[in-house]
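Some notes on the structure that comes next.
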Amino acid sequence: MRKYLTLFMLSWQKQLEVRSDFIFERGRSMAVLLSLFYLWSALLTNRTDVAGYSRDQMLTYVLMMTLLRAWVLSNITDRIPAEISQGKLSELLLRPISHQGYWATQDAASKMLAIGSAVIELSLFMLIVRPPLLGPPSVAGAFMFALSILLAMVMYFQMSYMLGGLGFWTAQSWGPRFCFEVLLEFSAGAYFPIDILPAAAQKVIGWLPFPYLIFHPLSIYLGKAGPETWASIIGHQVMWIAVFVLLSRKLWGVGLRRYAAEGG
Amino acid sequence: MPELRRYGRIWAALAHNSLRTQLSTVMASGGYLIGKLIRISFFMAYLLAIFDHLPSLKGYTVHQMVLFFMTFNLVDVAAQFLFRGLYGVKYLIEEGDFDKILTQPAHALFRISSMGVDFLDLFTLVPVGFITFWALSKIPGEISLVAGLLYVLLVANAMLIAYACHVFIGALSVRTHEFESAIWVYRDIMTLGRFPVTIYSDLLRGLFVTVIPVGVMVTFPAQALMGMLTWKGIVYALGLSVVLHLGAQAFWRNSLRNYTSISS
C-alpha cells in the first residue's frame, strides 16, 4: 500500500510542477460552464420550464455537470498508448507494482486535484453569479448519487484503460480516441441532458454505457430518476464495469503477447 | 512581388510536408476528422432539439442561432488550418528547433505558423458551408450583397484577431518557456462564441467585445450578414484587430529580445 501512496504523492507533485499550465488547464473548464449556464439562463428568461426541466433544475444540471466532468471525465490514461509505442511500458512491467494499479493511482491523484479545483471554481462562480443550486431529493437520494458517481469513476477508468491498450496495435490510437471522447461527452450528457433529444435518439444513446457516467447520476441527484429506477441504474453501472474489466483484461492479455518493446 | 512569391513557395512546401504527415497517419487523421464531424453534428442536433421546445432565444430564431454556430466553426477551423504551427512554440524551444528557425531566411512567425497547416480542417469546412447556406435560406428576407461582403470582411478581420492571439501566446512561451496550455484556454474561450454574445451578462458581454474579443470575431460577422450590426460596430471591429495585431507583434519582438536558448 505504501508504494501506491508514494506514487500518489509523486504524481500529485508532478502535476503541480508547472503551475501556470495547471491553472490554465483548470481555467478551461470554466468556458464550458459559462457558455452553457448563460445559454440556459437566456433560454429560460421568460419561462418556468423547458423539456421537463424547471429553471432551477436545468441550471443545477449545468453546475453539477461541471463538477462531474472533473470528477468522472478527468483522466490521464490517454498517455498509455505513447508509453507502449515508445517502449516505456517495459520499465513499468519490471516494477513490483500492478500496471493497472499504477495508472489507477496516478488517475486518482489527477482526479483529486481536479475535484479540489472544480469545487473552488464552482464556489467562486456561485459567489459571484449566485445561481440556483438544488440539493438532492432525500438522504437516500444523496447516498445513491454518491454511489453512482463512484461507480461512474471506476467505469470511466476501466473504459479508458482498455482503450489505452490500443497502443499495442497502433501508434496512431489518439485519432480514434479523440473520436471516442467526443461521442462519449455528448452521449454522457456532459453538455446537455440527453432527454431533451428526440425519443429515437434517446433510445439509441440509452443502449450505450455513456449515459451512466453523468446523465443518470445527475437524474438521481435532481430527483428525475425516482427510487424505483435506482437499482436499475446502479445495476447497469456494475454490469458495464464488469464488461469493461473483462474486455480490458482480454485486450491487454493479447496486447502484451504482441508487445515487442520497440524503443524501450 | 518576388518576396511574396518566395513566401508562397515556403508555405506550399511546409503545407505539403504537413499533408504528407497526415496522410502517413491515416487512422489518427481519420479518427480526428470523424470526431470533429461528430461534434458539429451533435451540437446541431442539440440546438435543433432545444428549439423544438422553444420558439426563440433573445429574439433569435433557430436558423439565426445555427448561423452564429456555423460562423464560430468557420473562424475556429480556418484559424486552426492556418495557424496551428504556433501551438508548438514551447516544444520547438525545448527541442532546440526554435533557434534553427530564427537563423533561417524567413520571418520566424510566418515559418512557425505555416509548419502545422491542418488539411483535415478543410474537410470540416464542407459541412459547415452547406449548413450555413441551409440556415441562410431559412432566414426570412433577402441577404444583400453588401451584407455578404461585410460578412467576408469581418471573418477576415476575425482571422487577423485570431492570428494576434496565437502570436501573443507564442510570445508568452518564448518569454517564459511555459504556458503550453494557454493556447487551449484560447480555444475554449473561443467556444463561448458558439452562441451570440448577447446571451451573456453585461460584464461578460463587455469583456467579449474588448479584452476577450470572441464577440467581435464570431457574433459581429453573423450580425452583419443579417443586417443587425451598425457601422460603428464594423469600424470598431476593424480598429480593434489593428490594435491587437500591432500589440501582439510588439510583444513577440520584445519576447525575442529577451529570449535565451535552452536546448541547442
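Values quoted throughout were computed directly from the atomic coordinates according to the rules given, and no laboratory measurement underlies them. Note that the coordinates shown come from a computational prediction; the quantities given were computed from them, not determined experimentally. With ideal geometry, Cβ positions are generated from the backbone for all residues, glycine too; neighbour counts draw on all protein chains shown.
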Exercise. What list of ³J(HN,Hα) values in whole Hz, one per residue of region B:238-247 in order, does the Karplus curve 6.51 cos²θ - 1.76 cosθ + 1.60 (θ = phi - 60°) give from phi, with Gly and Pro shown as x?
Worked result: 5, x, 4, 5, 5, 4, 5, 4, 5, x
Problem set entry | Residue mean of other protein chain beta carbons inside 10 Å, A:4-10 | 0
For this session: Round to a whole angstrom and tell me the spacing of the C-alpha centers of region B:99-149 and region B:215-262.
Result: 16 Å
For this session: For peptide A:46-58, compute the average count of partner chain beta-carbon atoms within 10 Å of each residue's beta-carbon.
Result: 1
Exercise. If you take the alpha carbon radius of gyration of the protein assembly as shown and divide it by 2.2 N^0.38 Å, what ratio comes out, to two decimals?
Worked result: 1.01
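Between B:Thr260 and A:Ser138, what's the calculated FRET efficiency when r is the beta-carbon distance and R0 is 56 Å? Round to 0.05. Working shown, then result.
On the way: r = 61 Å, r/R0 = 1.09.
That pair, B:Thr260 with A:Ser138, gives E of 0.40.
Okay, helix-only estimate at 222 nm for chain B: each DSSP H run of n ≥ 4 adds -39500 (n - 2.57), divide by all residues, round to 500 deg cm²/dmol; what do you get? Kindly include the intermediate steps, with their values, before the conclusion.
Working: 12 runs with 195 residues, N = 264.
The per-residue figure over chain B is -24500 deg cm²/dmol.
So how do B:133-144, A:184-195 stack up, highest first, on mean other-Cβ count within 10 Å?
Ranking, from highest mean packing down: A:184-195, B:133-144.
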For this session: Before rounding to the nearest 500, sum -39500 (n - 2.57) across all DSSP H runs of length at least 4 in chain A and divide by the residue total; then give [θ] at 222 nm in deg cm²/dmol.
Result: -24000 deg cm²/dmol
For this session: Decide, for region B:68-215, between rounded, prolate and oblate: order the square roots of the alpha carbon gyration tensor eigenvalues as a ≥ b ≥ c, take rounded if a/c falls under 1.5, and otherwise choose prolate if a/b is larger than b/c, else oblate.
Result: prolate
Exercise. Which of the aspartates and glutamates could a cross-linker span from A:Lys203 if the Cα-Cα distance has to be under 15 Å and same-chain partners fewer than 8 positions apart are dropped?
Worked result: A:Asp195
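Could you compute how fast region B:2-257 diffuses translationally, taking Rh as the Kirkwood radius over C-alpha pairs and applying Stokes-Einstein at 37 °C with viscosity 0.692 mPa s? Give it in µm² per second.
168 µm²/s
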Exercise. Picking from A:Gln106, A:Gln15, A:Gln158, which is most flexible by a Gaussian network model of chain A using Cα springs under 10 Å?
Worked result: A:Gln15
Exercise. Among A:Val62, A:Val243, A:Val204, whose mean-square fluctuation peaks in a Gaussian network model of chain A (Cα, cutoff 10 Å)?
Worked result: A:Val204
